[in-house]
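The structure under discussion appears below in the form of C-alpha cells.
Please treat every number below as a calculation from the coordinates, not as lab data. Values in this document were obtained by computation on a predicted structure and should not be read as measured data. With ideal geometry, Cβ positions are generated from the backbone for all residues, glycine too; neighbour counts draw on all protein chains shown.
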Amino acid sequence: MLDVYFSADVETDGPIPGPFSMLSFGLVLAGTFDGKTFSRPEDYAQSFYRELRPISDEFQIDALKVNGLDRDRLLREGTLPATVMTEAAKWVSALAGAGRPILVAYPLSFDWSFLYWYFIRFSKEGSPFNHSQCFDIKTAFAVKAHIPIASAGRRRLMPGLRSNGVHTHNALDDAMEQAQVFANLFEWDGNHGEDH
C-alpha cells in the first residue's frame with residue numbers, strides 16, 4: 001500500500017487540547033512511498049490552512065506570544081472546529097485516494113496530540129490518520145544520524161537536510177518548511193558528508 005505523507009503544524013493557546021485550543025493548523029502534501037521509492041511533490045502547493053474559533057476560556061499568554069495570533073479576533077471570526085476538522089478530513093482522504101494518509105511532524109507528539117484529539121472530537125469523518133498513522137521526523141533524524149533523541153532538535157540538522165524556508169510560526173509556512181526537511185531526511189542515506 002502507498003503511504004501518502006502530510007506535513008502538519010499547529011499553533012495553539014496552551015500545552016494540551018481540551019482545556020486549551022488549537023488556533024490554526026496547516027497540512028501540506030509532503031510525498032509518497034510505495035515501500036521502494038520515495039517521491040517528493042514538485043512543489044508544496046497542495047495545502048490546507050485554517051484558523052479556528054477557540055473552544056475554551058483558558059489560554060497562556062506565552063503561547064500567544066509565540067504564534068502571534070489574535071485570540072479575540074478568532075473568537076469572533078475563527079471557523080467552528082466541527083466545520084474545519086470535517087473539511088480537513090475530507091481533503092486529506094481525497095488527496096490520499098487509495099493510499100494511506102500518514103501525518104508527519106517535527107516533533108510529532110505535540111502536533112499529533114492536538115490534531116488527533118480535534119479530529120476525533122469534532123470531525124464527522126473521524127481521523128483520516130486513524131489512531132497511529134504518523135511519522136516523527138525527530139526520531140527518524142536521530143536514528144539515521146546515530147544520535148540521541150535529545151540531540152535531534154532542528155538546530156542539529158545538517159545544512160543539506162534543512163529547508164530553504166524560514167520557521168515563521170505561521171502553521172502553513174512551517175508545515176511547508178517541515179515538508180522539505182522530511183523529504184531531505186527521507187532521501188538521506190545517513191552519510192555524514194560535507195553537504196549534510
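For the chain, the dipole from Cβ point charges (+1 on Lys and Arg, -1 on Asp and Glu) about the Cα centre works out to 320 debye, to the nearest 20. Computed from backbone phi, the HN-Hα couplings of the range 47-56 come to 9, 9, 9, 9, 10, 10, 6, x, 9, 8 Hz, rounded to whole numbers (Karplus: 6.51 cos²θ - 1.76 cosθ + 1.60, θ = phi - 60°; Gly and Pro given as x). Expressed in units of 2.2 N^0.38 Å, where N is the residue count, the Cα radius of gyration of the chain is 1.01.
Evaluating 6.51 cos²θ - 1.76 cosθ + 1.60 at θ = phi - 60° for every residue in the range 122-135, the Karplus couplings come out as 10, 7, 5, 8, x, 8, x, 9, 6, 9, 7, 8, 8, 9 Hz, glycine and proline recorded as x. Hand me the trypsin sites (Lys or Arg not before Pro) from the range 1-70 located in a DSSP loop with no more than 12 other Cβ atoms within 10 Å, in residue order please. Those that pass, being in a loop and sparsely packed, are Lys36. Counted over the chain, the DSSP beta bridges are approximately 65% antiparallel.
Backbone amide hydrogens, once placed in the peptide plane, bring Thr79 within less than 5 Å of Glu51, Leu52, Arg53, excluding anything fewer than 5 places away on its chain.
Diffusion coefficient (Stokes-Einstein, Kirkwood radius over C-alpha pairs, 37 °C, 0.692 mPa s) for the range 51-134: 235 µm²/s, rounded to a whole number.
Near Trp112, once Lys and Arg are set to +1 and Asp and Glu to -1 for all other residues with Cβ below 13 Å from its Cβ, the sum equals -2. Semi-axes of the equivalent ellipsoid of the range 1-114 are 29, 14, 12 Å, computed as sqrt(5λ) over the eigenvalues of the C-alpha gyration tensor in descending order. When only the Cβ of Lys, Arg, Asp and Glu is charged (+1, +1, -1, -1), the dipole of the range 62-141 relative to its Cα centre reaches about 100 debye.
Karplus-derived 3J(HN,Hα) values for the range 98-112, using 6.51 cos²θ - 1.76 cosθ + 1.60 with θ = phi - 60°, are 7, x, 9, x, 10, 7, 10, 7, 9, x, 6, 4, 5, 4, 4 Hz; glycine and proline are entered as x. Relative contact order of the range 3-187: 27 percent, from C-alpha pairs under 8 Å at least 6 residues apart in sequence.
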